[in-house]
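Shown next, in structure tokens, is the structure this report addresses.
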Amino acid sequence: MFVSMNRPRAFDVGPMPLSSTNRPAPKTALVIGATGSIGGEVGRALLARGWRVRALNRNPEMAATAAPRLAGADWVRGDAMLPASVIPAAEGCALIVHAANPPQYRNWEGLVMPMLDSTIAAAKAHGARIFFPGTVYNFGPDAGALVDERAPQNPLTRKGKLRVTMERRLEAAASDGVRVMIVRAGDFFGPFTTPNSWFSSVFAQPGRPVRLMMRPGPAKVGHAWAYLPDLAETIVRLAERADDFAPFEVFHFGGHWTDATADIPETIRRVVGRSIPIVAFPWPLVRLLSPFNETFREMLEMRYLWKRPLRLDNAKLVKTLGAEPHTPLEQAVRQALAGAGCLTA
């Protein structure tokens with residue numbers, strides 16, 4: 001993997017000059033969580049469409065060399081937990097991408113709400129719109145098999161309940177003058193997927209050739225996936241039209257729906273060009289170890305999404321954009337495996 005050795009550029013919140021054509025300078029976005037899967041992809045998509053991107057990190061020098069896809073971003077030193085860091089970093093920004101997630105599900109309750117409150121304070125101070133990446137975890141089994149933006153949110157899991165709390169906090173902020181856009185999507189996968197994603201956990205471990213795959217549920221049960229470059233492109237297109245939206249707007253991203261007719265393990269087999277054993281995911285072992293491991297506890301709570309279908313209805317998104325950005329599954333899987341270093345010559 002190529003690693004950029006460019007030093008992070010100086011942070012400057014002063015007035016941006018007009019271009020030689022006297023058109024307004026590009027809009028600026030602050031990305032919180034830029035070294036993660038969704039934050040990094042959205043930042044890259046913003047840069048590709050001409051936005052200026054600031055990336056908040058407690059160690060910007062190290063983050064800049066570790067995230068080559070964000071070459072051209074301005075890395076800013078700061079702590080997402082502290083409004084005193086986020087508020088000055090957001091000065092002059094039209095958009096704040098709130099994609100901060102504690103690693104390995106650790107101490108979600110104690111970390112995610114203070115980080116979200118810092119973002120809300122910064123958006124309120126500077127009139128920026130917040131983008132928040134939503135998930136299917138908001139919905140319990142009572143939501144049905146095809147879920148639109150108005151479906152009831154009655155999650156049975158701790159993570160799902162926390163997601164609902166976060167969205168309600170954002171909705172309350174919208175009633176207080178903060179503009180918010182949420183895009184809910186299925187499980188993430190892509191060229192820069194984090195190691196604790198479902199894709200990396202059960203199909204392809206980063207940095208290793210694929211030798212064995214685990215199936216978390218029956219192949220006939222559909223599952224919602226979001227290819228990150230498609231999702232990021234969707235978010236940026238929505239952000240560029242956000243002035244037409246209500247103060248609090250929610251969209252569902254359809255992504256890839258996989259089942260017995262479009263299966264990720266079988267697609268991986270085609271991409272690597274050989275047969276790879278597929279075994280059942282060790283749910284009994286996860287259950288046994290869950291009292292001692294927070295990641296296993298969270299995985300166990302999400303098992304219902306592998307036992308029954310829960311698909312996001314993207315009709316509102318398609319009506320707004322005309323079409324949803326969509327990379328064919330085999331191409332998306334190939335790029336995800338290549339980015340993770342799982343393909344051999």
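The values are calculated or read from the model by the stated rules, or taken from the named source; none is laboratory data. On a predicted model such as this, the values are computed, not experimentally measured, just so you know. Cβ coordinates were reconstructed from backbone atoms using ideal geometry, including for glycine residues, and neighbour counts include every protein chain displayed.
The residue pairs whose first member lies in the stretch 227-246 and is within 24 Å of Phe192 (Cα to Cα), whose second member is buried (at least 22 other Cβ atoms within 10 Å of the Cβ) and polar (S, T, N, Q), and whose beta carbons are closer than 8 Å, counting only pairs six or more residues apart or on different chains, are Leu228/Ser37; Leu228/Thr193.
Which of the residues belonging to the stretch 158-211 are in a helix (DSSP H, G or I), over 21 Å from Ile96 (Cβ atoms), modelled with pLDDT of 90 or more and out of contact with any Pro (no Cβ under 8 Å at 6 or more places or on another chain)? Those that are in a helix (DSSP H, G or I), over 21 Å from Ile96 (Cβ atoms), modelled with pLDDT of 90 or more and out of contact with any Pro (no Cβ under 8 Å at 6 or more places or on another chain): Gly160, Phe199. Tell me, please, whether a residue that is among the charged types (D, E, K, R), more than 14 Å from Cys342 (Cβ to Cβ) and not in a helix (DSSP H, G or I) can be found in the stretch 212-229. Yes: the stretch 212-229 contains one or more residues that are among the charged types (D, E, K, R), more than 14 Å from Cys342 (Cβ to Cβ) and not in a helix (DSSP H, G or I).
Regarding Ala29, is this residue modelled with pLDDT of 95 or more and surrounded by fewer than 16 Cβ atoms within 10 Å (Cβ to Cβ)? Break it down stepwise before answering.
Values: modelled with pLDDT of 95 or more: yes; surrounded by fewer than 16 Cβ atoms within 10 Å (Cβ to Cβ): no.
Criteria not met by Ala29.
Screening the candidates Val210, Val236, Val271, Val250 for the property of being more than 19 Å from Thr35 (Cα to Cα), in contact with a Lys or Arg (Cβ under 6 Å, 6 or more places away or on another chain) and not basic (Lys, Arg) yields one hit, Val271. Among the conditions (1) more than 20 Å from Asn196 (Cβ to Cβ); (2) in contact (Cβ under 8 Å) with a residue 60 or more places away in the chain; (3) not in a loop (DSSP other than H, G, I, E, B), Asp142 misses just one, which is (2).
Residues that are out of contact with any strand residue (DSSP E or B) (no Cβ under 6 Å at 6 or more places or on another chain) and without any contact (Cβ under 8 Å) to a residue 40 or more places away in the chain, at least 2 per element: which helices (runs of 4 or more DSSP H) completely within the stretch 42-131 meet that? Before you say what the answer is, go through the steps one by one.
Numbers: elements: 60-66, 83-89, 108-126.
In the stretch 42-131, 83-89, 108-126 are the helices (runs of 4 or more DSSP H) which contain 2 or more residues that are out of contact with any strand residue (DSSP E or B) (no Cβ under 6 Å at 6 or more places or on another chain) and without any contact (Cβ under 8 Å) to a residue 40 or more places away in the chain.
Annotation note: of Ala246, Ala224, Ala280, Ala260, the sole residue that is surrounded by 16 or more Cβ atoms within 10 Å (Cβ to Cβ) and either under 18 Å from the mean Cα position of the chain (by Cα) or of a type in the set (Gly, Ala, Ser) (or both) is Ala224.
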